[in-house]
Each structure stands twice: as structure tokens, then as C-alpha cells.
């Protein structure tokens with residue numbers, strides 16, 4: 001399934017100038033990695049796959065425009081999708097990318 005090229009370009013703009021960013025096709029879309037760790041992904045099912053602390057999972061899932069990332073029919077803790085309606089503004093997209101950068105930057109480099 002194809003992913004949203006427009007959203008991918010918007011993510012590239014937000015990440016422009018950040019060191020350690022690479023792109024890789026995975027999870028049925030295009031993921032952006034920070035030093036080898038998945039940061040965010042443009043989903044083939046629509047929206048943005050985001051990564052955050054497992055400790056924040058329940059709180060994040062209560063936010064508007066969220067849906068769980070299901071892996072073998074179970075929600076993956078620390079991962080979720082932001083529906084396109086939650087990414088319409090530049091500020092909203094930047095806030096999600098920054099939240100993910102804050103968490104993923106604490107992980108060991110691969």
C-alpha cells in the first residue's frame with residue numbers, strides 16, 4: 001500500500017538539519033529513524049506512526065485523533081497512529097515529531 005508522499009515531505013521538512021536521520025520502508029509505509037531507532041512513520045494506512053515512552057501510552061491514547069498500533073492484534077505499548085485530522089497544521093505535526101525526538105534520543109544508537 002502506498003503511503004502519503006505529501007505527509008512524508010512535511011516530515012522531511014520538520015526533520016531538516018537534524019543529524020542521524022535516515023529513511024527506511026517498513027511497517028507498510030516510510031519510517032524515519034534516528035541513529036537507527038524508529039522515530040516516526042508515514043503509514044500506508046493513513047496518518048503518522050509515532051513512538052513515545054511506554055509509560056506515556058495510556059495518556060497518549062486518550063488524546064484526540066489517536067489509534068493504537070496493533071501487532072498480532074494487540075496494541076504495542078509506546079507506539080500509536082495519529083490520524084490525518086490530527087496532523088493538518090504544521091504546528092501539530094511539529095509537536096508530534098518533537099515528542100518522538102525527545103523520547104527516541106534517549107535510546108542507545110544502533
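The values are calculated or read from the model by the stated rules, or taken from the named source; none is laboratory data. Quick caveat: nothing in here was measured; it's all calculated off a predicted structure. Backbone-built Cβ (ideal geometry, glycine too); neighbour counts: all protein chains shown.
(1) under 13 Å from residue 50 (Cβ atoms); (2) in contact with a helix residue (DSSP H, G or I) (Cβ under 9 Å, 6 or more places away or on another chain); (3) exposed (fewer than 15 other Cβ atoms within 10 Å of the Cβ): which one isn't true of residue 102, the others all being true? Among (1) under 13 Å from residue 50 (Cβ atoms); (2) in contact with a helix residue (DSSP H, G or I) (Cβ under 9 Å, 6 or more places away or on another chain); (3) exposed (fewer than 15 other Cβ atoms within 10 Å of the Cβ), residue 102 violates only (2). Of the residues making up segment 53-66, one or more are assigned to a strand (DSSP E or B), at pLDDT 95 or above and touching a strand residue (DSSP E or B) at 6+ places or on another chain (Cβ under 6 Å).
Determine whether residue 65 is at positive phi and surrounded by 11 or more Cβ atoms within 10 Å (Cβ to Cβ). Please lay out each step first, then the result.
Details: at positive phi: yes; surrounded by 11 or more Cβ atoms within 10 Å (Cβ to Cβ): yes.
Against the criterion (at positive phi and surrounded by 11 or more Cβ atoms within 10 Å (Cβ to Cβ)), residue 65 qualifies.
Looking at 106, 22, 72, just one residue is within 25 Å of residue 2 (Cβ to Cβ) and without any contact (Cβ under 8 Å) to a residue 12 or more places away in the chain, and that residue is 72.
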